[in-house]
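See structure below.
Only the coordinates and a few stated rules stand behind these numbers; no lab work does. Fair warning: this is a prediction, and the values are worked out from it, not measured in the lab. FYI the Cβ positions are ideal-geometry reconstructions off the backbone, even for glycines, and counts take in every protein chain you see.
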Amino acid sequence: MPLISIIIPVYNTDKYLKKCLNSILSQSFKDFEVICVNDGSNDNSLEILNLYRQKDERVIVISKNNEGQGIARNKGLEVANGKYVMFIDSDDWLENYALEKFYNKMEEDKCDVLLFNVYRYIDKTGERSHYPYATKYLQGFENRVFEPKDAIKYLFCIPAYPFKIYKKSTLDKLNYHYEKGTFWEDHLPHFVVLSQANKISILDDYLYNYRLHTSSVTANAAKFADTILENFRICEKELKKYDNWEIIKPYFVARKIKVALNYFEKFDHCSKEKWYKNMQKLFCYIRKNYMEDLKKIDFNLNKFNKIYYMPYVFYNFYSKIKITFKIMNLYLRLNRF
């Protein structure tokens, strides 16, 4: 059995795929398998995968109809045999000693999840910079090993990117999986694992190169705008199964609000309006069920309340023209805010 299973969902990335695979197969650490899940690509991705499979027996290729990145990861997990599992996007790549350092750290700390830092690469400009993914939110943990209960308010600030390596038995125990057909499909496994793992460790090293495409994120987000409340409820239902739900729920709710607002800021006018209406549905649900929880963590409700009460036309005018708070306050008073 391999020590590490690397799962790569692949969809129309023939431009970047060779760099990704070369960075893995040239690692100093050799005891791994690479599970490449071709998610219905219609470019040359499958041909490239088959070529690498012929060259290296550690490469496993699964081909399926297009169902999205999350379902492709689920498929890879079904066949993964490694003691540890990590996900890599097919347009990203690893530094030469990444797997060796991941494995040694996991063995040393006996942890369920290892977080590490990454390089952020801007595809349009070729600029590469440090992105302290692991340490940005967890500066206070000097020994770099902790239990979730010790850092729950910080853990829920960490974005749900695939910059982690997991113990496979932990993923199996927690029924790690992605939901089909929703945006933020990675939030469910992200929240579950980070809040329920026995031990989490940090590797303060830059070993993963994360390629950013400037338009892809916003395009996909706008397409799935009508699923943001559904995604919240899926995560809520799963997290309620665990004993620490009362502790984690205000941080979970706050994180969902912040992410919704962050995406909203990225959109053009047409996409903004669609996202705004669905944010209002999400915020209405949160206001009905979680306002007291948000008050416990002193969450700033200023922008939340504006969006909850204001039609999009008014909000758009307010944000563009910078109208005075007197007009804003009058509107809110008329609506019994």
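Kindly provide the Kirkwood hydrodynamic radius of the chain in Å, to one decimal, from all pairs of distinct alpha carbon atoms. Hydrodynamic radius (Kirkwood, Cα pairs) of the chain is 21.4 Å. Remark: for residue pairs LYS55/LYS167; LYS136/LYS295; LYS153/LYS249; LYS153/LYS258; LYS19/LYS168, the C-alpha separation exceeds 19 Å in LYS55/LYS167; LYS136/LYS295; LYS19/LYS168. Ordering LYS136, LYS240, LYS75 by the number of other Cβ atoms within 10 Å of each residue's own Cβ, fewest first, gives LYS240, LYS136, LYS75.
Evaluate E = 1/(1 + (r/R0)^6) for GLU78 and LYS180, where r is the Cβ-Cβ distance and R0 equals 22 Å; express this FRET efficiency to the nearest 0.05. Don't skip to the end; give the middle numbers.
Details: r = 15 Å, r/R0 = 0.66.
Computed FRET efficiency for GLU78 and LYS180: 0.90.
Simple spin-label estimate for ASN305 and ASP123 gives 4.1 nm between the two label positions (7 Å along the Cα-to-Cβ direction from each Cα).
Considering helices alone, the calculated mean residue ellipticity of the chain at 222 nm is -14000 deg cm²/dmol, with DSSP H runs of length four and up weighted by -39500 (n - 2.57) and normalised per residue.
If R0 is 35 Å, the Cβ-Cβ spacing of ASP14 and THR135 corresponds to a FRET efficiency of close to 0.55. Each label point was placed 7 Å from the Cα along the Cα-to-Cβ direction; for LEU261 and CYS157 their separation is 1.4 nm.
Put the Cα centre of segment 1-58 next to the Cα centre of segment 150-193 and the gap is 23 Å. Once the convex hull of all Cα atoms in segment 220-280 is built, its volume per residue stands at 72 Å³. Are there trypsin sites (Lys or Arg not before Pro) in segment 165-236 that DSSP marks as loop and that have at most 12 other Cβ atoms within 10 Å, and which are they? The qualifying sites are LYS180. Near THR13: Cβ cut-off under 14 Å, other residues only, Lys/Arg at +1 and Asp/Glu at -1. The net charge is -4.
Neighbours of LEU188, meaning other residues whose beta-carbon lies under 9 angstrom from its beta-carbon, give a summed charge of -4 when Lys and Arg score +1 and Asp and Glu score -1.
The label point for LEU212 and the one for HIS269, both projected 7 Å from the Cα toward the Cβ, are 2.7 nm apart.
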